[in-house]
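Asks: Before we start, here is the structure in question, set down as structure tokens.
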Amino acid sequence: MSDYYRKKIHSDDLIATFDDVLILPGFTNFSPIDVDLSSTLGKYHFKLPILSSAMDTVTEENMAINMALHGGLGVLHRNCSFERQLEMVRIVKRARSFVIDGEHVATIGPNAQISKAKFMMENYNISGILVTNEENRVCGIFTKRDIPFFEHDIKNGIVKDYMTKDVISIKPGGTREDALKILYESRKEKLPIIDEKGMLKGLITKKDLAPEFPFASKDDQGHLLCGLALSPRFPDSSQSQALLKEIDDYVDIFFIDVADFYKIDDITGTIKLMKFLESDFVLGNIGTYQAAEYLITKADFVEERFIGLKVGMGSGSICTTSLQTGVGAPTLFATAHVADAIKDYNPKLTLIADGGFKNPGDLPKAFAAGADLMMSGHLFAGTEESPGFIDTIAGRKVKVYRGMGSKEARTSGYISDRYVEGSKMLTEGVSNYVPYVGDVLGVLSTLKEGLANGMIYAGAKSIADMKKVPLGIVSVVGQRETAPHDLIGKF
Ligand code: IMP
């Protein structure tokens, strides 16, 4: 990039944002099929560099599951109790994983009656139950096919006389491919995981192994990745601390979620949380080089679990922070500045550009400015998978989308510390409607194409290459010209 443009985009006094810039076309020496959109956050891999915001009208369990299934990540919001957060993270972690943990596998004792086994299968809607003794040692499997024909036998028979004793199983730690092979060769539907001592450790079912979601973001056990927003405040009560510990067992990445993280109280609270919890942390939001420099070099975070910075302040479509306080660091500006600090002090950190994305073409711009991942609330609030109902306004389907600093969101009481503590009167967000846009897969597919096509025009094969492409400031007249113009219809 020429120094002239580089200096402009990175200058402290020109606060440029998405519509102010364009990427210059570059030489494309590869085929469209070779474009690689994958990115990382610490040790986690994403096939799609896209995250949904931790907002109560955007990401609850349904959104989180679907974002992870399609290769991104949905960050669960924090405008609720720890009990509700625990419920959400449990649902996400257990969804679609190809292994059902031992404690959740339906089992029955060998001396139980057939009628009980039949009742369990009908009620849990499953086709078979593992038979285990008091020590949890597997002694057989009883499936629908083992149910005797005569009513009399169903009533009086006991499981051990009808079960299959020779159980085909897999050892703990077996891969998806190992499991598929055994299931295929044995023509079975269920594959128990049994250790050397004969103890039941889990269950794999053929249906869960089906590769419906080849891009899913998963942990090394095959469970979906789970991200959760957290206040930087260390909880006071021992009950809350215990709940948080339990939440920690399910979460991969905590996202410290405040409007402006460059505050000493938030930093010290987060350090305490990091020492108390074991999962990884993304910190944010920040907006300047100086903030990133301070957090990376001067704050005493647990280094190996501080994996990313989330940036942008005032760009959100529901955000009024800049109007209300006069302070802001629009996402593109914040990305360029924090990317410089990350390059200077810790290139291993991941940068997440958060808020302000309106069009698919904004994604390539964020990556060109230095982001590794992007986050949006606006683009996902109108989908099927966001919380809330579909409403109709003037014949148009809509869903509510609200800022976490809006009056409506803040009355819950859980989120007041996202802004300035003690400030009660000043809202920093609004609540409104967005068009209903169908399912999240449709939105992700459009974003994916916008990003991929932008990368192809720019001549960048990967997100890492994208960081090197030239970005320039567009004049106001130029901005007008890049949108449809001089036509009769309305846009
Ligand atoms: P959007 O996708 O442009 O609507 O921006 C979403 C981002 O705005 C979120 O990921 C948050 O970082 C931020 N945000 C959420 N609620 C508020 C608010 O009420 N005021 C300011 N920023 C907000």
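The values are calculated or read from the model by the stated rules, or taken from the named source; none is laboratory data. Quick caveat, the model's predicted, so the values are computed rather than measured. Here Cβ is always computed from backbone atoms with ideal geometry, including for glycine, and neighbour counts include all displayed protein chains. In case anyone asks, the SASA skips ligands and DNA or RNA and just uses the protein heavy atoms, side chains included. Shrake-Rupley method; radii C 1.70, N 1.55, O 1.52, S 1.80 Å.
Asks: Quick one: SER81 ticks every box in (1) open to solvent by less than 60 Å² (accessible area, probe 1.4 Å); (2) at pLDDT below 95; (3) outside the structural domain of PHE142 (by TED's automatic domain parsing) except a single one, so which number is it?
Replies: Every listed condition holds for SER81 apart from (2).
Asks: Can GLU481 be described as under 30 Å from VAL35 (Cα atoms) and acidic (Asp, Glu)? Steps first, answer last, please.
Replies: Numbers: under 30 Å from VAL35 (Cα atoms): yes; acidic (Asp, Glu): yes.
So GLU481 passes the test.
Asks: Next up: Examine the stretch 250-261 for a residue that is away from the ligand (no atom under 16 Å from the Cβ), within 28 Å of MET67 (Cα to Cα) and open to solvent by 30 Å² or more (accessible area, probe 1.4 Å), and state whether such a residue exists.
Replies: Going residue by residue through the stretch 250-261, those that are away from the ligand (no atom under 16 Å from the Cβ) are 250-252.
Filter again for within 28 Å of MET67 (Cα to Cα), leaving 250-252.
With the extra rule that they be open to solvent by 30 Å² or more (accessible area, probe 1.4 Å), the set shrinks to 250.
Yes: one or more hits.
Asks: In the set PHE306, PHE380, which member is closer than 20 Å to GLY71 by Cα and touching a strand residue (DSSP E or B) at 6+ places or on another chain (Cβ under 7 Å)?
Replies: When all the criteria are applied, what remains is PHE380.
Asks: Go through (1) under 30 Å from HIS45 (Cβ atoms); (2) open to solvent by less than 10 Å² (accessible area, probe 1.4 Å) one by one and return the number of the condition ILE114 breaks.
Replies: Looking at each condition in turn, ILE114 falls short on (1).
Asks: Mind listing whichever residues of the stretch 37-54 are within 16 Å of the ligand (Cβ to nearest atom) and part of a loop (DSSP other than H, G, I, E, B)?
Replies: Taking the stretch 37-54 and keeping what is within 16 Å of the ligand (Cβ to nearest atom), we get 41, 49-54.
If the condition is that a residue be within 16 Å of the ligand (Cβ to nearest atom) and part of a loop (DSSP other than H, G, I, E, B), then PRO49, SER53, ALA54 are the ones that fit.
Asks: Any idea which of GLU87, GLU135, GLU122 is open to solvent by 20 Å² or more (accessible area, probe 1.4 Å), in the same structural domain as GLY202 (by TED's automatic domain parsing) and in a helix (DSSP H, G or I)? Walk me through it before giving the result.
Replies: Working: GLU87 fails: in the same structural domain as GLY202 (by TED's automatic domain parsing); GLU135 fails: in a helix (DSSP H, G or I).
Result of the check over GLU87, GLU135, GLU122: GLU122.
Asks: Could I ask something else about it? State whether one or more residues within the stretch 273-290 are open to solvent by 30 Å² or more (accessible area, probe 1.4 Å), in contact with a strand residue (DSSP E or B) (Cβ under 9 Å, 6 or more places away or on another chain), among the polar types (S, T, N, Q) and in a helix (DSSP H, G or I). Walk me through it before giving the result.
Replies: Of the stretch 273-290, the ones open to solvent by 30 Å² or more (accessible area, probe 1.4 Å) are 275-276, 278, 288-290.
From the residues that got through so far, the ones that are in contact with a strand residue (DSSP E or B) (Cβ under 9 Å, 6 or more places away or on another chain) too are 288.
Going one step further and asking which of them are among the polar types (S, T, N, Q), we end up with 288.
Adding the requirement that they be in a helix (DSSP H, G or I) leaves none.
No, the stretch 273-290 contains no residue that is open to solvent by 30 Å² or more (accessible area, probe 1.4 Å), in contact with a strand residue (DSSP E or B) (Cβ under 9 Å, 6 or more places away or on another chain), among the polar types (S, T, N, Q) and in a helix (DSSP H, G or I).
Asks: Oh, and also: Among the residues of the stretch 427-468, write down those that are among the charged types (D, E, K, R) and either part of a helix (DSSP H, G or I) or over 19 Å from the mean Cα position of the chain (by Cα) (or both).
Replies: First pass over the stretch 427-468, keeping only residues among the charged types (D, E, K, R): 428, 439, 448-449, 461, 465, 467-468.
Result: GLU428, LYS448, GLU449, LYS461, ASP465, LYS467, LYS468.
Asks: While we're here: Suppose we filter THR411, THR427, THR392 for residues that are out of contact with any Ser or Thr (no Cβ under 9 Å at 6 or more places or on another chain) and either modelled with pLDDT under 95 or within 14 Å of SER317 (Cβ to Cβ) (or both); which single one remains? Steps first, answer last, please.
Replies: Numbers: THR427 fails: out of contact with any Ser or Thr (no Cβ under 9 Å at 6 or more places or on another chain); THR392 fails: either modelled with pLDDT under 95 or within 14 Å of SER317 (Cβ to Cβ) (or both).
Being out of contact with any Ser or Thr (no Cβ under 9 Å at 6 or more places or on another chain) and either modelled with pLDDT under 95 or within 14 Å of SER317 (Cβ to Cβ) (or both) holds for just one of THR411, THR427, THR392, which is THR411.
Asks: From ASP34, ASP13, which residue is of a type in the set (D, E, K, R), farther than 19 Å from MET375 by Cβ and free of Cβ contacts under 8 Å to residues at least 12 places away in the same chain? If you could, list the steps in order and put the result at the bottom.
Replies: Details: ASP34 fails: free of Cβ contacts under 8 Å to residues at least 12 places away in the same chain.
Unique residue meeting the criteria: ASP13.
Asks: Would you check if there is a residue in the stretch 140-148 being within 15 Å of LYS201 (Cα to Cα) and out of contact with any Phe, Trp or Tyr (no Cβ under 8 Å at 6 or more places or on another chain)?
Replies: We begin by selecting, within the stretch 140-148, every residue within 15 Å of LYS201 (Cα to Cα); these are 140-141.
Among the residues that remain, those that are also out of contact with any Phe, Trp or Tyr (no Cβ under 8 Å at 6 or more places or on another chain) are: 140-141.
Within the stretch 140-148, one or more residues are within 15 Å of LYS201 (Cα to Cα) and out of contact with any Phe, Trp or Tyr (no Cβ under 8 Å at 6 or more places or on another chain).
Asks: Something else about it: Scan the stretch 168-198 for residues that are under 13 Å from ASP101 (Cβ atoms) and either in a strand (DSSP E or B) or of a type in the set (Phe, Trp, Tyr) (or both) and jot them down.
Replies: The answer is PRO192, ILE193.
Asks: Moving on to the next point. For the stretch 90-119, give me each residue that is under 24 Å from the mean Cα position of the chain (by Cα) and in a loop (DSSP other than H, G, I, E, B).
Replies: Residues satisfying the conditions are ALA95, ARG96, SER97, PHE98.
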